[in-house]
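Colleague: There's a structure below that I have some questions on.
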Amino acid sequence: MRTDTPVVMKRRHPGSGRKKASASTKGRQVAASALNDVQNLLGGGLRRRDMLIEYLHLIQDEYGHLSSAHIAALAAELKLAQTEVYEAATFYAHFDVVKEGETPPPPVTVRVCDSIACQLAGAETLLSELTGTGLSDVRIVRAPCMGRCETAPVAEVGHHHLVNASPEAVLEAVEKKEFHAVMPDYIDLEAYRKEGGYRLLTACLAGEITPEEIIGKLDRSELKGLGGAGFPAGRKWKIVRGYAGPRLLAVNADEGEPGTFKDRFYLESDPHRFIEGMLIGAWAVGTGASYIYVRDEYPAIISLLKTEIGKIEKAGLADHVRIEIRRGAGAYICGEESAMIESIEGKRGLPRNRPPYVAEVGLFGRPTLENNVETLFWVRDIVEKGPEWFADAGINGCKGWRSFSVSGRVNRPGVKLAPAGITINRLIEDYCGGMQEGHAFKGYLPGGASGGILPASLGEVPMDFGTLQEHGCFIGSAAVVVFSDADNMKEVALNLMRFFQDESCGQCTPCRVGTEKAVKIMEQPQWDEGLLRDLSTVMTDASICGLGQAAGNPINCVLKYFPEDL
C-alpha cells in the first residue's frame, strides 16, 4: 500500500485491547443550565461555525464575561472542541474569559484610550485621576485607539463614548448608567434617495450599464484602495471577476490604525453612499454574499448599518446579494485583510501566508473582493461625475482625492478632504487652521503608527502612495498626527511600539519577540541604537504581515530625523 503519509505501527502492550473502567468521565462536562443559557441566546435554526465570534458576543453582552461553563456549552452546541472556542475567545481583547474559580469583572468597564493622539491630550492624567476616584463596581483599563482621535482624550463607559473626556464626565456617565452607544445624526435611506441615491445601482441592475463600464471608469479614475495598501481598485475588481464563482465580497471597516477615523466619519454621516458602492461592487464582480466587518469600538455604526441595510433589503435593492454584518472584538491585526477573513470565519485573526492571495483564495476558500469603506464610498461619485473628476483632483503629480484623518497639535483636527499630493504644510495651514497657540511644528505621522515619523523639514514632500518611501515612510490610510516642539519623539516612538507589542497576534517570532524586545530597550534612558536597528531589520524582513514589517519605522525615523531627542 502506498500513501503520502508514513504509516506508524505502534506496539501493543499486554491488555491494551481491553477498555479500562473509568471512575469518572474525563474533561470539562457541560452543565445543563449553561447549555440552556446558550441555546436560549442562540435561538432556533442551524448552528454555524463561522458565527462563533458573534455567538461569543451574545454571551459576553448578556453576562458581562465568558465563563468556562458557557464556553463548554457553546462548544457542545457547535460540536467543536472546547479548545477551539477557548482559543478564539482568548485571542480578542474585548472578550473577558473567566476561568473556574476566578472572579468575574465588575459590571461596568471604563476604557481610556492611551494611543498617541490621546496621550498628547492628557490620557495619562485622565487615567490617573479616574484610578484615584475609588469607583465601586467599575473596572478602569487602558485601551488602544478608538477611532476618535480628533476629540482626544477619549473614554468609553460600557459602549458609550465620551469625547474630550474628563474625570467628571466619566463619573457622571457611570452615575447616570449611560452605558449605551449614542446614535449619530446621519443621512438615512429616505433622505439619500431624495438626493438621487440608488439611481446608479438601479441602472446597473436594469442592465443600462455593464460591469465592464463600471470597472473601466474605476480604472480611469485611478482610484486606489484607501485602506492603506493603495492597490488600484478597478484592477482588483477585474481580477476577482476573472476567477470562477462563487465569489464573495468582504468589507473592511476595522480601521484600528492609531490616528485613523475617516471611515467612522463617513459611516456616521452618509452611510448609504458606502452601501450603494458596496452593492454596485457586488453586482459588478458577481458576488453572492457581502460581509461587512466593523470594529467593536463602533457600536453605533453597527446598529445604524443593521437598520439601514434592513430598509435596503425591504426595498428590494439588495436582491442580488446576501449581506451579513460581522462585529470585531478588539484586535488591530484584523485590519489586515487575511486576518479579517479568518475572523469572519470564526477563528483567531491570524494573517495568512501568501500566495495564494485573497482575490483568488479568500473567504471560505472562494475568490474574494476585499475593499475598505472609503474605497467603496467613492464609487457612485466617480461613475456619476466621471473618472476625470476624481483623477484630476490630485496635485504635485498625484491623482484623486484623499481623506486625511488629522489629529494632534493643530487648531482644527478632523477629516479633511484634500487633493492627493498635498503637503503637510498646506494641510496644516489651509485645512486645520494652523498649529495650536504656543506650539511650533516639529514633526508628523503621515500614515498612522506604522507609517513612520517625518520632521518639519520635510514639510513640502507631497503626501500620497509612493511619494514617502524614499524617506522611510508611507501614507497608508492617511492618518496624520501632528507634533510640536512640546513633544519628545523618543516618547512618541515608545508609545507606538507599545501599541505594536500589545497588538501583535503572536503568530511569528520576529514580530512577537521583536516588538517586546524593542519596548524594553526603548524604555531605557539610553537607547542601544545598534540593537534597535538590528531588531527593526529582522522584523521588516521576516514578519508575516504588515504589522511586524512596519513596526520598526518609528525607531528608524527617530534615529534618522530626531537624534536631539535621544
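Colleague: Among the residues of segment 117-134, which ones are open to solvent by less than 50 Å² (accessible area, probe 1.4 Å) and either touching a helix residue (DSSP H, G or I) at 6+ places or on another chain (Cβ under 6 Å) or on the phi < 0 side of the Ramachandran plot (or both)?
Modeller: If we filter segment 117-134 for residues that are open to solvent by less than 50 Å² (accessible area, probe 1.4 Å), which is where we start, we get 117-118, 120-123, 126-127, 130.
Selection gives 117, 118, 120, 121, 123, 126, 127, 130.
Per-residue answers, yes or no, for (1) surrounded by fewer than 24 Cβ atoms within 10 Å (Cβ to Cβ); (2) of a type in the set (Gly, Ala, Ser); (3) touching a residue at least 60 places away in the same chain (Cβ under 8 Å):
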residue: 325; (1), (2), (3): yes, no, no
residue: 336; (1), (2), (3): no, no, yes
residue: 343; (1), (2), (3): no, yes, yes
residue: 350; (1), (2), (3): yes, no, yes
residue: 353; (1), (2), (3): yes, no, yes
residue: 357; (1), (2), (3): yes, no, no
residue: 361; (1), (2), (3): yes, no, no
residue: 365; (1), (2), (3): yes, yes, no
residue: 368; (1), (2), (3): no, no, yes
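Colleague: Right, next: Being modelled with pLDDT under 95 and closer than 29 Å to residue 143 by Cα is the requirement here; does residue 45 meet it? Steps first, answer last, please.
Modeller: On the way: modelled with pLDDT under 95: yes; closer than 29 Å to residue 143 by Cα: no.
No; evaluated as a whole, the condition is false for this residue.
Colleague: For residue 249, state whether it is farther than 11 Å from residue 375 by Cα and buried (at least 21 other Cβ atoms within 10 Å of the Cβ). Show your work before the answer.
Modeller: On the way: farther than 11 Å from residue 375 by Cα: yes; buried (at least 21 other Cβ atoms within 10 Å of the Cβ): yes.
So residue 249 passes the test.
Colleague: Is it true that residue 302 is farther than 15 Å from residue 379 by Cβ and open to solvent by 10 Å² or more (accessible area, probe 1.4 Å)? Lay out the reasoning, then the answer.
Modeller: Numbers: farther than 15 Å from residue 379 by Cβ: yes; open to solvent by 10 Å² or more (accessible area, probe 1.4 Å): yes.
So residue 302 passes the test.
Colleague: Every residue in segment 152-181 that is touching a Leu at 6+ places or on another chain (Cβ under 9 Å) and farther than 18 Å from residue 106 by Cα, please.
Modeller: Listed by number, the residues that qualify are 152, 153, 154, 165, 166, 167, 169.
Colleague: Taking only segment 329-376 into account, find how many residues are farther than 26 Å from residue 145 by Cβ and among the polar types (S, T, N, Q).
Modeller: 2
Colleague: List pairs: first residue in segment 177-201 and loosely packed, with under 14 Cβ neighbours inside 10 Å, second residue among the polar types (S, T, N, Q) anywhere in the structure, Cβ distance under 7 angstrom, at least six positions apart or on different chains.
Modeller: Hits for this filter: 183/303.
Colleague: Failed condition for residue 140, given (1) in contact (Cβ under 8 Å) with a residue 40 or more places away in the chain; (2) under 30 Å from residue 495 (Cβ atoms); (3) open to solvent by 40 Å² or more (accessible area, probe 1.4 Å); (4) aliphatic (A, V, I, L, M), with all others met?
Modeller: Tallying (1) in contact (Cβ under 8 Å) with a residue 40 or more places away in the chain; (2) under 30 Å from residue 495 (Cβ atoms); (3) open to solvent by 40 Å² or more (accessible area, probe 1.4 Å); (4) aliphatic (A, V, I, L, M), residue 140 fails exactly one: (1).
Colleague: Sort out which residues of segment 508-566 are more than 28 Å from residue 457 (Cβ to Cβ), β-branched (Val, Ile, Thr), open to solvent by 40 Å² or more (accessible area, probe 1.4 Å) and part of a helix (DSSP H, G or I), and write them in order of number.
Modeller: 509, 513, 538
Colleague: Let me ask another. Out of curiosity, is residue 98 closer than 23 Å to residue 140 by Cβ, in contact with a Ser or Thr (Cβ under 6 Å, 6 or more places away or on another chain) and not basic (Lys, Arg)?
Modeller: Numbers: closer than 23 Å to residue 140 by Cβ: yes; in contact with a Ser or Thr (Cβ under 6 Å, 6 or more places away or on another chain): yes; not basic (Lys, Arg): yes.
Answer is yes for this residue.
Colleague: Exactly one condition in (1) over 19 Å from residue 52 (Cα atoms); (2) out of contact with any Cys (no Cβ under 9 Å at 6 or more places or on another chain); (3) of a type outside the set (Phe, Trp, Tyr); (4) in a helix (DSSP H, G or I) is false for residue 245; which is it?
Modeller: Of the numbered conditions (1) over 19 Å from residue 52 (Cα atoms); (2) out of contact with any Cys (no Cβ under 9 Å at 6 or more places or on another chain); (3) of a type outside the set (Phe, Trp, Tyr); (4) in a helix (DSSP H, G or I), the odd one out for residue 245 is (4).
Colleague: Let me spell it out: the conditions are (1) within 30 Å of residue 446 (Cα to Cα); (2) touching a Gly at 6+ places or on another chain (Cβ under 8 Å); (3) hydroxyl-bearing (Ser, Thr, Tyr), and residue 109 meets all of them except one. Which number is the exception?
Modeller: Only one criterion in (1) within 30 Å of residue 446 (Cα to Cα); (2) touching a Gly at 6+ places or on another chain (Cβ under 8 Å); (3) hydroxyl-bearing (Ser, Thr, Tyr) is unmet by residue 109, namely (1).
Colleague: Just to be sure before I move on: is residue 42 touching an Asp or Glu at 6+ places or on another chain (Cβ under 9 Å), closer than 24 Å to residue 504 by Cβ and not aromatic (Phe, Trp, Tyr) in the structure I sent? Steps first, please.
Modeller: Details: touching an Asp or Glu at 6+ places or on another chain (Cβ under 9 Å): yes; closer than 24 Å to residue 504 by Cβ: no; not aromatic (Phe, Trp, Tyr): yes.
Here the answer is no, as residue 42 does not meet what is asked.
Colleague: Next question. May I ask you to verify whether residue 62 is modelled with pLDDT under 95, over 28 Å from residue 494 (Cβ atoms), out of contact with any Lys or Arg (no Cβ under 7 Å at 6 or more places or on another chain) and not in a strand (DSSP E or B)?
Modeller: Numbers: modelled with pLDDT under 95: no; over 28 Å from residue 494 (Cβ atoms): yes; out of contact with any Lys or Arg (no Cβ under 7 Å at 6 or more places or on another chain): yes; not in a strand (DSSP E or B): yes.
Here the answer is no, as residue 62 does not meet what is asked.
Colleague: If you go through segment 77-96 one residue at a time, how many are on the phi < 0 side of the Ramachandran plot and either open to solvent by 50 Å² or more (accessible area, probe 1.4 Å) or in a loop (DSSP other than H, G, I, E, B) (or both)? Reasoning before the result, please.
Modeller: Quick first cut of segment 77-96, residues on the phi < 0 side of the Ramachandran plot only: 77-78, 80-96.
Now restrict to residues that are either open to solvent by 50 Å² or more (accessible area, probe 1.4 Å) or in a loop (DSSP other than H, G, I, E, B) (or both): 80-84, 86-87, 90, 92-96.
The number of residues fulfilling the criteria is 13.
Colleague: Give segment 380-420 a look and list any residue that's touching a Lys or Arg at 6+ places or on another chain (Cβ under 7 Å), farther than 15 Å from residue 219 by Cβ and small (Gly, Ala, Ser), or say none.
Modeller: Once the filter is applied, which keeps residues that are touching a Lys or Arg at 6+ places or on another chain (Cβ under 7 Å), farther than 15 Å from residue 219 by Cβ and small (Gly, Ala, Ser), segment 380-420 yields 403, 405, 418, 420.
Colleague: Moving to a separate point now. Does segment 420-442 contain at least one residue that is open to solvent by 10 Å² or more (accessible area, probe 1.4 Å), touching a helix residue (DSSP H, G or I) at 6+ places or on another chain (Cβ under 6 Å) and either under 21 Å from residue 468 (Cα atoms) or outside any loop (DSSP other than H, G, I, E, B) (or both)?
Modeller: Yes, that holds for at least one residue.
Colleague: Also, I was wondering about something else. Anything in segment 455-482 that is surrounded by fewer than 24 Cβ atoms within 10 Å (Cβ to Cβ) and either part of a strand (DSSP E or B) or among the acidic types (Asp, Glu) (or both)? List them, or say none.
Modeller: Across segment 455-482, the qualifying residues are 455, 460, 470.
Colleague: Can you run down the residue pairs with Cβ atoms below 6 Å, 6 or more apart or on separate chains, where the first is in segment 234-256 and without any contact (Cβ under 8 Å) to a residue 24 or more places away in the chain and the partner is assigned to a helix (DSSP H, G or I)?
Modeller: Once the first residue is without any contact (Cβ under 8 Å) to a residue 24 or more places away in the chain and sits in segment 234-256, its partners that are assigned to a helix (DSSP H, G or I) give 234/215; 234/218; 234/219; 238/215.
Colleague: Now, a different point. What single numbered condition from (1) touching a residue at least 12 places away in the same chain (Cβ under 8 Å); (2) buried (at least 18 other Cβ atoms within 10 Å of the Cβ); (3) within 26 Å of residue 244 (Cα to Cα) fails to hold for residue 320?
Modeller: Condition (2) is where residue 320 drops out.
Colleague: If you go through segment 404-413 one residue at a time, do you hit one that is part of a helix (DSSP H, G or I), out of contact with any Leu (no Cβ under 7 Å at 6 or more places or on another chain), under 22 Å from residue 445 (Cα atoms) and open to solvent by 10 Å² or more (accessible area, probe 1.4 Å)? Even if it seems obvious, please write down each step before you answer.
Modeller: So in segment 404-413, the residues part of a helix (DSSP H, G or I) come out as none.
No: segment 404-413 contains no residue that is part of a helix (DSSP H, G or I), out of contact with any Leu (no Cβ under 7 Å at 6 or more places or on another chain), under 22 Å from residue 445 (Cα atoms) and open to solvent by 10 Å² or more (accessible area, probe 1.4 Å).
The values are calculated or read from the model by the stated rules, or taken from the named source; none is laboratory data. Every value quoted in this text rests on a predicted model; they were computed, and no experiment measured them. Quick reminder, even Gly has a Cβ in these numbers, built from the backbone with ideal geometry, and neighbours come from all protein chains shown. Side chains included, ligands, DNA and RNA excluded: accessible areas come from the protein's heavy atoms. Shrake-Rupley method; radii C 1.70, N 1.55, O 1.52, S 1.80 Å.
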